[in-house]
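Asks: What follows is a structure written as structure tokens; I'll ask about it next.
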Amino acid sequence: MEAIKIDNITLEYKSNNNSIVRAVDNVSLTVNEGEFIALVGHNGSGKSTLAKLLNGLLIPRLGDVKIYGTSTRDKAKIFEIRKNIGMVFQNPDNQMIASIVEDDIAFGPENLGIERNEIIRRVDWALEKVGMSEHRKSTPFKMSGGQKQRLAIAGILAIKPSIIVFDESTAMLDPEGRREVLAVAHELNKNENITVILITHYMDEAVNADRVVVMNRGKIVSDGTPSEVFAHKDLLESLHLTLPLPTSIAHNLGRLGIPISSDILTEEQLEEELCKVLK
Ligand code: ADP
Ligand code: MG
């Protein structure tokens with residue numbers, strides 16, 4: 001089933017000096033229900049604009065965005081669409097509303113007029129899903145960045161979306177926080193069948209995605225499995241995107257004449273491949 005269908009969309013911004021910036025340029029993309037997509041591209045390539053076009057925060061000038069068959073142009077359905085696509089942003093400190101964790105998580109469903117017992121069930125479930133159950137009575141303000149982002153995710157889960165977009169949600173976190181948030185994204189995808197769009201600068205976060213989509217200057221310039229996309233080493237370098245570290249090491253060893261597979265994405269694969277070569 002198609003969760004997202006983007007059909008030839010274009011969107012421009014007018015900048016301060018009245019020049020026109022085409023942030024998304026004739027983009028088409030279909031995302032199936034349950035897919036985990038990593039959306040990568042350097043600063044200004046149009047990733048956040050594309051994210052805002054998904055939930056109707058922006059409407060394309062040309063083309064159409066459909067979420068489960070409903071166009072974001074359909075004003076009567078826009079509330080339904082926003083409920084269905086959760087967004088987790090970059091800054092963990094800007095996403096907290098209440099001073100007690102459980103109140104913060106309950107905020108979304110309360111605004112939807114959900115009945116009290118159902119809210120309690122959702123708060124329990126959402127906190128458990130992000131591994132924060134023991135913090136339900138705590139205050140979020142002193143928590144680590146990774147914990148705050150997991151609470152932001154729980155707040156979105158409580159609204160029961162079928163799609164979650166993470167817009168550089170790991171960018172401000174330390175390595176531990178990044179791992180925590182990434183693990184939650186994968187677990188929600190696997191076990192709750194939530195469709196995930198993970199926008200990231202870190203190529204090693206993209207290697208476990210089902211698909212990697214690369215943007216440059218408002219266009220999609222590559223779309224395939226991680227192995228397919230990371231095989232285009234020159235294209236990625238020309239876009240100032242680094243390869244995942246294990247992939248880069250394997251490429252360099254290959255260049256030195258060591259017979260190593262060029263299809264390496266993770267540390268585990270690199271280790272396995274090196275053991276084979278050493279034998
Ligand atoms: P990314 O998320 O990949 O960094 P963005 O979607 O934020 O890219 O930006 C794409 C382009 O649109 C950039 O050139 C950026 O400067 C421009 N842009 C983004 N938001 C605005 C805005 N509100 N007004 C004018 N230009 C914008
Ligand atoms: Mg952005």
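The values are calculated or read from the model by the stated rules, or taken from the named source; none is laboratory data. These figures come from a predicted structure and were not determined experimentally. Don't worry about glycine lacking a Cβ; one is built from the backbone with ideal geometry, like all the others, and counts go over all protein chains shown. Protein only, heavy atoms only, side chains kept; ligands, DNA and RNA dropped before computing areas. Shrake-Rupley method; radii C 1.70, N 1.55, O 1.52, S 1.80 Å.
Asks: Quick one: which of 253-261, 149-157 comes out on top by average Cβ neighbours within 10 Å, and what's the full order, highest first?
Replies: 149-157, 253-261
Asks: If you average 1/r over every pair of different alpha-carbon atoms in the chain and take one over that average, what Kirkwood value in Å do you get?
Replies: Averaging 1/r across every pair of different Cα atoms and inverting gives 20.0 Å.
Asks: Would you work out what percent of the accessible area of the chain, with all protein chains in place, is carbon or sulfur (probe 1.4 Å)?
Replies: 50
Asks: Moving on to the next point. Under a cut-off of 30 Å between alpha-carbon atoms, report the lysines in cross-link reach of Lys75, not counting same-chain residues fewer than 8 places apart.
Replies: Lys5, Lys14, Lys47, Lys52, Lys66, Lys83, Lys160, Lys219
Asks: Could you provide, to the nearest whole Å², the per residue accessible area of region 1-42 with probe 1.4 Å? Display every interim value, and only then the final one.
Replies: On the way: 2060 Å² over 42 residues.
On a per-residue basis, region 1-42 sits at 49 Å².
Asks: Here's another thing I want to ask about it. Just Lys148, Lys52, Lys137 to compare: in a GNM of the chain, with alpha carbon springs under 10 Å, which one fluctuates most?
Replies: Lys137
Asks: Now, a different point. When the Cα atoms of region 1-153 are enclosed in a convex hull and the volume is divided per residue, what value in Å³ results? Walk me through the numbers before you get to the answer.
Replies: Numbers: hull volume 23.4 nm³, N = 153.
Measuring per residue, one finds 153 Å³ for the Cα hull of region 1-153.
Asks: Tell me, what is the per residue accessible area of region 177-279 in Å², probe radius 1.4 Å?
Replies: Dividing the accessible area of region 177-279 by its residue count gives 53 Å².
Asks: As a check on your grasp of the helix formula, calculate [θ] at 222 nm for the chain: sum -39500 (n - 2.57) over DSSP H runs of n ≥ 4, divide by the residue count, round to the nearest 500.
Replies: Estimated from H runs of four or more residues: -11000 deg cm²/dmol.
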